[in-house]
Amino acid sequence: MGLMDDLLRLLDGGPMLTVETMAARLHVHPALVSMMLERLTAEGYLRTSPPTCTVSNACEGCPLHASCALRPQRQMWTLTDKGHRHLKRE
């Protein structure tokens, strides 16, 4: 999967990143990262945050609050079991 594997590694247990930050780290356009996130989510490698996860109402109880780069109305992605298994096979 190449670039998609790199994106999965970025999302694997690290700090929450914006699409723009992911794109900068992967040296690609943010639109490409958005497309990859959609595909990886559709294929079951990622899941998105529940709609209730926003900076205004969920951060205090979140274990990632200190490293989160999200802003209100932004989406968060985490690896599913399938995503973790895929990375372990590499």
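The values are calculated or read from the model by the stated rules, or taken from the named source; none is laboratory data. All of these numbers come straight from a predicted model, not from anything done at the bench. Please note: Cβ atoms are built from the backbone with ideal geometry, for glycine as well, and neighbour counts cover all protein chains shown.
Can T21 be described as out of contact with any helix residue (DSSP H, G or I) (no Cβ under 8 Å at 6 or more places or on another chain), modelled with pLDDT of 95 or more, among the hydroxyl-bearing types (S, T, Y) and within 16 Å of R9 (Cα to Cα)? Before you say what the answer is, go through the steps one by one.
Values: out of contact with any helix residue (DSSP H, G or I) (no Cβ under 8 Å at 6 or more places or on another chain): yes; modelled with pLDDT of 95 or more: no; among the hydroxyl-bearing types (S, T, Y): yes; within 16 Å of R9 (Cα to Cα): yes.
So T21 fails the test.
Let me spell it out: the conditions are (1) closer than 12 Å to L79 by Cα; (2) assigned to a helix (DSSP H, G or I); (3) at pLDDT below 95, and G14 meets all of them except one. Which number is the exception?
Unmet for G14, out of (1) closer than 12 Å to L79 by Cα; (2) assigned to a helix (DSSP H, G or I); (3) at pLDDT below 95: (2).
Here are some residues: A42, A66. Which one is surrounded by fewer than 14 Cβ atoms within 10 Å (Cβ to Cβ) and either modelled with pLDDT of 90 or more or among the hydroxyl-bearing types (S, T, Y) (or both)?
Unique residue meeting the criteria: A42.
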